[in-house]
Amino acid sequence: MSIRPAISLLLLGSVMTWMLACSSGTPTPATQNTPAAASTTEKPATAPDAQQATTHTISITGFKFQPSELTVKVGDTVEWKNMDSMPHNAVAKDKSFDSGKLKTGMTGKFVADEKAKGTHDYICTYHPNMKARLTVE
Ligand SMILES: [Cu+2]
């Protein structure tokens, strides 16, 4: 006689805990959606930044700039790496950049800013027949 109410109480208790678990579990997927939506809005912002941060390397080897003609975008970095046994440099005729003296194995850097927009012929001042061209667009 006294067993039945005990079972119904037990059932009621388990139903209530199930309902609690269910109701507390419901908001979880909703909060998981928020960071997912935030990460998708971040993606377009980071993609152009990654494209703009390009570094272009020009090798100086055999008394030649390789590649001898290069086009970069504003914000890009140009590096000249001297792989010859002789010192070289890369100096723009319009003075927009000057790598400085580059001994064997040294690298000179130039960050193409807004002022550098245009086409620049440059030479190695030690060997003026070493000619190349850099275009910033
Ligand atoms: Cu040179």
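What follows draws every value from the coordinates through simple rules; no lab data is involved. Values in this document were obtained by computation on a predicted structure and should not be read as measured data. Quick reminder, even Gly has a Cβ in these numbers, built from the backbone with ideal geometry, and neighbours come from all protein chains shown.
Suppose we keep only residues that are surrounded by 15 or more Cβ atoms within 10 Å (Cβ to Cβ) and within 8 Å of the ligand (Cβ to nearest atom) within segment 81-98. Which one would you say is farthest from LYS115 (Cα to Cα)?
ASP84
Can you pull out the residues in segment 122-137 that are more than 9 Å from HIS88 (Cα to Cα) and among the β-branched types (Val, Ile, Thr)?
So in segment 122-137, the residues more than 9 Å from HIS88 (Cα to Cα) come out as 122-123, 128-137.
Correct list: ILE123, THR135, VAL136.
Can you tell me which residue is nearest to the ligand (Cβ to nearest atom) among those in segment 99-137 that are among the small types (Gly, Ala, Ser) and in contact (Cβ under 8 Å) with a residue 40 or more places away in the chain? Steps first, answer last, please.
From segment 99-137, those among the small types (Gly, Ala, Ser) are 99-100, 105, 108, 112, 116, 118, 132; that's our starting set.
Now narrow it down to the ones that are in contact (Cβ under 8 Å) with a residue 40 or more places away in the chain: 112, 116, 132.
Numbers: ALA112: 22, ALA116: 22, ALA132: 11 Å.
Within segment 99-137, the match that is nearest to the ligand (Cβ to nearest atom) is ALA132.
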